[in-house]
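Taking it in order: structure first as structure tokens, then the write-up.
All of the numbers you see were taken from the coordinates with simple rules; none came from a lab. Everything quoted here is computed from the prediction, not taken from an experiment. FYI the Cβ positions are ideal-geometry reconstructions off the backbone, even for glycines, and counts take in every protein chain you see.
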Amino acid sequence: MKYRDLLNGVSDVELLSMGEGTTPLVKSRRIGFSLGLSNLYFKLESLNPTGSYKDRFGALAISGLLATNAKFCLATSSGNTGASLAAYSALAGIPCHIVVVDGAPAGKLKQMQAYGAHLWMLRDFGIDESVTQRAFEGLQRMAIDFKTSVQISAFAYSPFGMQGVRSIAYEIAEEQPGVQHVFVPAGGGGLTLAVVQGFKQWSDQNSNFQMPQVHCVQPEGNDTIASSLRNGAPRCQAIPVSTTSISGLQVPSVIDGDQVLKTCSLHGGNGYVVTDHDVLELQRQLALSEGIFCEPAAAVALAGAHKALQNAEIKNDDLVVCLVTGHGFKDPKATEKIIEGNPLKHIVKLEELKSNLNESN
């Protein structure tokens, strides 16, 4: 691992890898200018081995399990975490058992199953806050009984594995040291916290690097952190039921939220709440205007950047990075909405194609 010296407790751990990390940071060619941002960049975490940034977590999490002689992986997931843990468990040669969020997208579930993971869908898990919290607590007790640790992509539960997610910040800082704003989608807040911590580590070791402002963006149906951050609240607020349709960000519990408040506010970060409608529209625009096919959750950061510009909280020429966290193949149902109005056309003869080309050009 390129940034091994920045990780704690890995000196004696053999690290698994499938080439995760070192993802492209690409400048927007069209959307940025249409929104009014001349220096907009996308960090394409969708190009990790299993299609999301969670591979940075999964590689380190499973490496840690092997180092402690765990016999299997026990985890929770709404999709991407499970796919990553399942893949790296397969690489490690250990079984993987995942309690999945109620209603998780079929595409993500099938990906986990393809890697051999055993899935258990718990009613109302990831939707109802009380059910979710009881599940986390119950799984932790179960993990102790089996002499292992439950893998949840949050610092509150899996701090060793979550260190790997900080490498997103290292890469951005190394490639674009003048970055001013980074927008991050949030459910439980672990990704946002990792990115802020990563930039802080980089700043501590590189005196010429000025930390960017890291902003937490959430869909309005799961606003556990963003409004609290914006309003300067001392603590986050769990919600009884998550109502957003954005898969992967349906996390009604606070989890890492209070730590996000402390770290983001300390370094000038803000909170943004965006509508599902705006997120889905920007997901469509990313595919049609930038060639970036992402899942809905991966368009949340861009929705936050757009709102920040509308609020005059960032400048048109600021260097802005939005994290594109997961691939579009993860959520086939959402893809169906993108391709409405562009049906497969059946033809019998090539002359029919030529006629249509003449009409459309």
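Want the number for Val241 to Ser289: 0.36 nm per residue separation, take away the alpha-carbon distance, what's left? Between Val241 and Ser289, full extension yields 13.8 nm more. Checking the cross-link pairs Lys2/Lys27; Lys262/Lys315; Lys71/Lys147; Lys2/Lys330 against a 20 Å limit on the alpha carbon distance flags Lys2/Lys27; Lys262/Lys315; Lys2/Lys330 as lying beyond it. As an exercise, take the mean of 1/r over every pair of distinct alpha carbons in region 20-63, invert it, and state the Kirkwood radius in angstroms. With all distinct Cα pairs of region 20-63 included, I get 11.8 Å. The three principal axes of the Cα atoms in region 54-160 give end-to-end lengths of 34, 29, 21 Å, sorted in falling order.
Label reach from Glu340 (point 7 Å along Cα→C-beta): in region 262-296, amide nitrogens under 15 Å belong to 276-285. Within region 131-211, the trypsin sites (Lys or Arg not before Pro) that combine a DSSP coil assignment with at most 11 other C-beta atoms in a 10 angstrom radius are Lys147. The radius of gyration of the Cα set in region 261-361, together with its Dmax, comes out at 18.8, 65 angstrom. Listed by chain and number, the lysines whose alpha-carbon sits under 23 Å from that of Lys333, ignoring those within fewer than 8 places in the same chain, are Lys54, Lys108, Lys110, Lys345. Computed across region 1-78, the Kirkwood hydrodynamic radius from all distinct Cα-Cα pairs reaches 14.9 Å. When the helices of the chain are scored as -39500 (n - 2.57) per DSSP H run of n ≥ 4 and the total is divided over every residue, the value at 222 nm lands at -11500 deg cm²/dmol. Put in order of Cβ neighbour count within 10 Å, fewest first, the listed residues Glu20, Glu14, Glu281 become Glu14, Glu281, Glu20.
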